[in-house]
Amino acid sequence: MPADDGRQTSEAPPSLGEILDVIRPHVEKIEEGFTAIRVTLDALATHLSGSPGPPASKVPAEPAARGSAAESAAAIPTVEPVAQPSVAALPPRAAPVAAAPQAKPRVERPEAIAVTGADGRDWSRILFGEHLRADPSITHLSGSLLGDVYAGDTGAIALAGQLMTFRTGTAEQKARLLKDVGEAFYNWKPQGDEPLLEPLITWVHAELDDVSLGNRIMVVQVGDRYDMQRHNARQSGVEVAEVYGWIVLRDNGKVFSKANVALK
């Protein structure tokens, strides 16, 4: 109403209680929204972990409206919790299947190589090659040598290695290896053993002919007179007491390498 002095008078400000009555419903709605969000997150975490969790709590019922404040709060939408599938209704997870260890591929062992035979894989042919039949006595030499190789005779094994090295060498290499082959034979048979020595020399000469070498082997006998042009000896003497190798001659008959001997 107009005052007597002509100025308008303002209405009295609302009290603190009236202000709280208006704010409180809005705060409660916000809390209900956060509660619904929390329930949803808990249910999602329970589903992802695969283990049952506590049942989702229901959002508390909306409080009764109070006076004109209830009409103002009705304009704010309510937040409804999202329905979550029951954990018990989910299909059980299949247990992880361990990968079966892969079996290692089986390695087939080759067939044993026969000492003799006509299939081209016999050790006699490996040692003596195509000249195995150059002299029938070479077969006897091969059988005796391989028998000692299989028995573990180190002298026989060393001679077999020298024969394969000599047979596969070049012409120049063969000439140098002749001395080693002779010493390997006497290391296997210190007494010489003529029935085995003669076929070995026959085979060596056939191998030399294949590469057009004219070198030849001369055998030293126990009791031969010492010749410094043909023999090597560490001690003095006049007569050969032991033989450790053979003499290798050039194609002109001159000495290519001396024979190691012991004298008396």
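Read-outs throughout are calculated quantities, based only on the coordinates presented, and are distinct from any laboratory measurement. Predicted model, so just to flag it, every value in this text is computed and none were measured. For neighbour counting, all protein chains shown are included, and Cβ atoms are generated from backbone atoms with ideal geometry for every residue, glycine included.
Listed by first and then second residue, the pairs linking a residue in segment 120-145 that is free of Cβ contacts under 8 Å to residues at least 40 places away in the same chain to a residue that is aliphatic (A, V, I, L, M) and surrounded by fewer than 17 Cβ atoms within 10 Å (Cβ to Cβ), with Cβ atoms under 6 Å apart and 6 or more places separating them unless they lie on different chains, are Arg121/Ile113; Asp122/Ala114; Trp123/Val115. For segment 190-201, does any single residue satisfy the condition of being surrounded by fewer than 16 Cβ atoms within 10 Å (Cβ to Cβ), touching a residue at least 60 places away in the same chain (Cβ under 8 Å), within 24 Å of Ser124 (Cβ to Cβ) and of a type in the set (Asp, Glu)? The answer is yes, given that some residue of segment 190-201 is surrounded by fewer than 16 Cβ atoms within 10 Å (Cβ to Cβ), touching a residue at least 60 places away in the same chain (Cβ under 8 Å), within 24 Å of Ser124 (Cβ to Cβ) and of a type in the set (Asp, Glu). In the condition set (1) of a type outside the set (Ser, Thr, Tyr); (2) over 22 Å from Asp153 (Cα atoms); (3) more than 48 Å from the chain's Cα centre (by Cα), Asp209 is compliant with all but (3). Within segment 211-230, the set of residues being free of Cβ contacts under 8 Å to residues at least 40 places away in the same chain and more than 12 Å from Ser257 (Cα to Cα) comprises Gly214, Val219, Gln221, Val222, Gly223, Asp224, Arg225, Tyr226, Asp227. For His231, the criteria (1) surrounded by 16 or more Cβ atoms within 10 Å (Cβ to Cβ); (2) within 48 Å of the chain's Cα centre (by Cα) hold in every case but one, which is (2).
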